[in-house]
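What follows is a single structure, written as structure tokens, with notes after it.
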Amino acid sequence: MNRREVLKLGVSVVVAGLFAKSLEAKDFRKEKPAAWKDKTIKKAVKDLFGTDAMDKSGVEVKAPEIAENGAVVPVTIKSVPADTKVIAVLQDADPESLAMVIPVHPRTVPEDISIRLKLKKSGKVVVVAQTADGKLHYDEKKVKVTMGGCGG
Amino acid sequence: MGIKLRFVGKEKNGVTSVKGMVKHPMLSYDQAKRQGKKANFITYMKVTQGGDVVFEASTSQFLSKNPIFKFKFKGGKKGEKFTVYVEDLLGNKAEKSFPIR
């Protein structure tokens, strides 16, 4: 075998190793219990992903600028980088920051995921996507809440 | 109090779009305290189809009451089923299958 052939073989073996294990069912509340108690977005991201270094790119979040009813704030994760493995939704309007964690399975389409959040007051919603290389990408939207979400 | 699941799945061009609601009070610790009740909210959701996990999420007290979810997954054919399973903080579970239209 010439050198090029040997190198090609080596790379394909490494790649196969990385993707051999498909993502099994994961409950992030059990895997990363500390992250769910954190009171700041930065700390929750660190406890969830092991780093709080994030790049503001590759993610698109849709959330209303003004939410009359903080109890029901529609948030849509419009898109994330193609090789995203985990998506986290955080906010700084409630006592704890982490709202939801979505592991991306092979058949999960990581776009147009819509949820409704409960925001106690005005704040920002942050969606973080962790790609296969471990890097974090994010987008954030500020939401002004005219009527708090945890009343009554 | 049973957790009720109401989901609809529509397949188009090889992708199934799902919209659904989980009937649950989603009482945060704050709200529970004020109402003199126990905090309880959906903590985990798993959607399977054809033996695969197609959507999964760990959730918190910060999702709205009777939370609505919209998501998509690859594959699934009209007539096949997908199954939604949820768990809440107090250990209640619910599971229901729905047809893909």
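Assorted remarks:
- Globularity ratio of chain B, using Cα Rg and 2.2 N^0.38 Å: 1.15
- Kirkwood Rh, Cα atoms: Rg over Rh of region A:25-145: 0.94
- Estimated from helices alone, the mean residue ellipticity of chain B at 222 nm is -1500 deg cm²/dmol (sum of -39500 (n - 2.57) over DSSP H runs with n ≥ 4, per residue).
- Reachable aspartates and glutamates, given that their alpha-carbon falls under 19 Å from the alpha-carbon of B:Lys23 and they are not under 8 places away in the same chain: B:Glu56, B:Glu87, B:Asp88, B:Glu95
- Each part gets one Cα centre, and for region B:1-49 versus region A:77-101 those centres are 17 Å apart.
- J(HN,Hα) series, region A:82-88, from Karplus relation 6.51 cos²θ - 1.76 cosθ + 1.60, nearest Hz, glycine and proline x: 3, 9, 5, 10, 9, 10, 10
- Calculated from backbone phi, Karplus (6.51, -1.76, 1.60) coupling profile of region B:19-30 in Hz, x at Gly/Pro: 9, x, 10, 10, 7, 7, x, 6, 7, 6, 4, 4
- Within straight-line reach of B:Lys78, meaning a Cα separation under 20 Å, sit the following lysines at least 8 residues removed in sequence or on another chain: B:Lys10, B:Lys12, B:Lys19, B:Lys70, B:Lys96.
- In this structure, the amide hydrogen of B:Val15, modeled 1.01 Å from its nitrogen in the peptide plane, lies closer than 5 angstrom to those of B:Gly75, counting only residues at least 5 positions away or on a different chain.
Here, each number is a calculation from the coordinates, and none is a lab measurement. Being a predicted model, the structure only gives us computed values, none of them experimental.
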